[in-house]
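Visitor: Submitted below is the structure of interest, expressed as structure tokens.
The values are calculated or read from the model by the stated rules, or taken from the named source; none is laboratory data. Only a predicted model underlies this, so the values are computations on that prediction, with no experimental measurement involved. We place every Cβ from the backbone using ideal geometry, glycine too, and count neighbours over all the protein chains shown. These accessible areas exclude ligands, DNA and RNA; they are computed on the full protein's heavy atoms, side chains included. Shrake-Rupley method; radii C 1.70, N 1.55, O 1.52, S 1.80 Å.
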Amino acid sequence: MSSPETRLELYEDGAESPSELMTGDMTVSSAPRNTTDPTAPNFNTLDEPIRDTIMRDVKAVGVKFYHVLIPKEKNTLLKEWDLWGPLLLCTFMATILQGSSDDMQDGGPEFAQVFVIVWIGAMIVTLNSKLLGGKISFFQSVCVLGYCLTPCALALIGCRIILLGEQTAFLFFLRFLVASAGFGWATYASIIFLGDSQPPNRKALAVYPIFLFYFIISWLVVSHSNV
């Protein structure tokens, strides 16, 4: 006794043959590649000279520094985020702030310690923001916090110049004012960029870690006394 035949239908009803569903044209668009406008959807860098790619990235980093110093445009840091600027700022500040190996009583932080304070601190602030319901990605927040170190880095340069003279109480007070200005501007800029991403009833809880993060960095700046 033979069993009824079982058939598995893989094609839609009405098709004359399986080959009808397999036919088609494979074409490659002959439209020219766009290598000049990064905002266009067909932007392509495969045929772009390396020099143009590097200069475009450097310009993008410079634009982000500008927006931190004059925090009006919020979308630049949030949409086109990168970590090149924060890495440069962190490396620069760690190099300047590190203690002298010749002076055992210097008490300044080591290069790696500054690196850890900056990156781990930014990650903790970002994690706190996410736990509070912030509508921003992890790397966007780290990017903003890193770029907003720009005023602190400028304050470090100013304090470094002041340290070239013979230190007096007035010069220490001047260093304190410079570091305080950098701290205030860094905190203000970061709140401008990150404030809208937090729920209205939890903004204070999100601002406090930001305040503490830049306060620690500014304290390292004003306490640095090694020329």
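Visitor: Quick check on residue 149: is it closer than 14 Å to residue 218 by Cα and open to solvent by 40 Å² or more (accessible area, probe 1.4 Å)?
Guide: Here the answer is no, as residue 149 does not meet what is asked.
Visitor: Right, something else. From the set of residues in region 199-226 that are over 15 Å from residue 145 (Cα atoms) and polar (S, T, N, Q), which is most open to solvent (accessible area, probe 1.4 Å)?
Guide: Among residues in region 199-226 that are over 15 Å from residue 145 (Cα atoms) and polar (S, T, N, Q), the one most open to solvent (accessible area, probe 1.4 Å) is 201.
Visitor: Restricting to region 193-226, count the residues that are farther than 23 Å from residue 79 by Cα and β-branched (Val, Ile, Thr).
Guide: Counting residues in region 193-226 that are farther than 23 Å from residue 79 by Cα and β-branched (Val, Ile, Thr) gives 4.
Visitor: Take the residues in region 115-141 that are outside any loop (DSSP other than H, G, I, E, B), under 18 Å from residue 191 (Cβ atoms) and touching a residue at least 60 places away in the same chain (Cβ under 8 Å), then tell me which one is most open to solvent (accessible area, probe 1.4 Å).
Guide: Selected residue: 124.
Visitor: Inspect region 220-227 for any residue being in contact (Cβ under 8 Å) with a residue 24 or more places away in the chain, more than 16 Å from residue 128 (Cβ to Cβ) and within 22 Å of the chain's Cα centre (by Cα) and give the result as yes or no.
Guide: Looking for residues that are in contact (Cβ under 8 Å) with a residue 24 or more places away in the chain, more than 16 Å from residue 128 (Cβ to Cβ) and within 22 Å of the chain's Cα centre (by Cα), one finds at least one in region 220-227, hence yes.
Visitor: Step by step: first the residues of region 69-87, then only those that are assigned to a helix (DSSP H, G or I) and surrounded by fewer than 17 Cβ atoms within 10 Å (Cβ to Cβ), then the one that is modelled with the lowest pLDDT. Which residue is that? First the steps, then the outcome.
Guide: Restricting attention to region 69-87, the residues satisfying the condition of being assigned to a helix (DSSP H, G or I) are 69, 75-79, 84-87.
Then keep just the ones that are surrounded by fewer than 17 Cβ atoms within 10 Å (Cβ to Cβ); that gives 69, 75, 79, 84, 87.
Working: 69: 88, 75: 67, 79: 77, 84: 90, 87: 92.
Per the stated criteria, the residue is 75.
Visitor: Answer yes or no: is there a residue in region 175-184 that is in contact with a Cys (Cβ under 7 Å, 6 or more places away or on another chain), closer than 24 Å to residue 116 by Cβ and of a type in the set (Gly, Ala, Ser).
Guide: yes
Visitor: Moving on to the next point. In region 158-169, which residue that is modelled with pLDDT of 90 or more and either outside any helix (DSSP H, G or I) or not basic (Lys, Arg) (or both) is surrounded by the most Cβ atoms within 10 Å (Cβ to Cβ)?
Guide: Among residues in region 158-169 that are modelled with pLDDT of 90 or more and either outside any helix (DSSP H, G or I) or not basic (Lys, Arg) (or both), the one surrounded by the most Cβ atoms within 10 Å (Cβ to Cβ) is 159.
Visitor: Those residues that are open to solvent by 70 Å² or more (accessible area, probe 1.4 Å) and in contact with a helix residue (DSSP H, G or I) (Cβ under 8 Å, 6 or more places away or on another chain), I need them from region 170-198; list them, please.
Guide: Result: 176, 185.
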